[in-house]
Amino acid sequence: MMRDYEAVFITSADLNSEEQAELLDRVRGFVARFEGQICREYLWGRRKLAYPIKKKDYGIYHLWYLSGDGAMLEELERQFGYSEQVIRAQIIKVEDWERSEEHTSELQSPMYL
C-alpha cells in the first residue's frame, strides 16, 4: 500500500557538487527500486547546524516528499544510516504530502517542480 512520507536529511557540506549529485542519484535509485515515487524535492541549502554532528558544523539540508510502501521506507532509512555522507535523516508519515507541503512553503526553495 502506497503511503506519503516527508523526508528531511542533511548531507555533509564537505561534498563537492559531483559527490552531492551522485549521492542524490543513489537515493533516487533506492526509491525507484522499490517502486516508490519522489513527489517533490526541495533543497534548503547549506546551513549551520544547531550543534556539531559527526564533528561537522555545517550541512546541506534536503526536503523530499515521497510516496511508497514500507519496504521502500525501511531501505531508505537503512541506506541513510549506512552513508557517511548523510549526517542526519528523519522520515515521517504524512496523510497527504500536498497538504504538508503547504505548511512548510515559506521555508522552501524548489529544486524541482
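The values are calculated or read from the model by the stated rules, or taken from the named source; none is laboratory data. None of these values were measured; they are calculated from a predicted model. Backbone-built Cβ (ideal geometry, glycine too); neighbour counts: all protein chains shown. Just the protein is used for accessible areas: all its heavy atoms, side chains included, with ligands, DNA and RNA removed. Shrake-Rupley method; radii C 1.70, N 1.55, O 1.52, S 1.80 Å.
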Can you tally the net charge around Gly59? Count Lys and Arg as +1, Asp and Glu as -1, for every other residue whose Cβ sits under 15 Å from the Cβ of Gly59. +3
The summed charge of the Phe30 Cβ neighbourhood (under 12 Å; Lys/Arg +1, Asp/Glu -1) stands at -1
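At 0.36 nm per residue, and after removing the present C-alpha to C-alpha distance, how many nm does the segment from Val94 to Ala71 gain when stretched out fully? Provide the component values of the computation, followed by the final result.
Working: separation 23, 0.36 × 23 = 8.28 nm, distance 1.66 nm.
Here the answer is 6.6 nm.
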Heavy atoms of the protein only, probe of 1.4 Å, neighbouring chains included. What is the accessible area of Lys48 in Å², nearest 10? 130
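Which net charge results when you count Lys and Arg as +1 and Asp and Glu as -1 among the other residues whose beta-carbon is under 12 Å from that of Thr11? Mind showing how you got there, number by number?
Working: positive: Arg26, Arg46, Arg47, Lys54, Lys56, Arg88; negative: Asp14, Glu19, Glu22, Glu84.
Summing Lys and Arg as +1 and Asp and Glu as -1 gives +2.
Which order do Trp64, Trp44 take by accessible area at a 1.4 Å probe, largest first?
Working: Trp64 5, Trp44 50 Å².
Per-residue accessible area, sorted high to low, gives Trp44, Trp64.
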How much of the accessible area of region 28-87, probe 1.4 Å, is carbon plus sulfur, in whole percent? 48
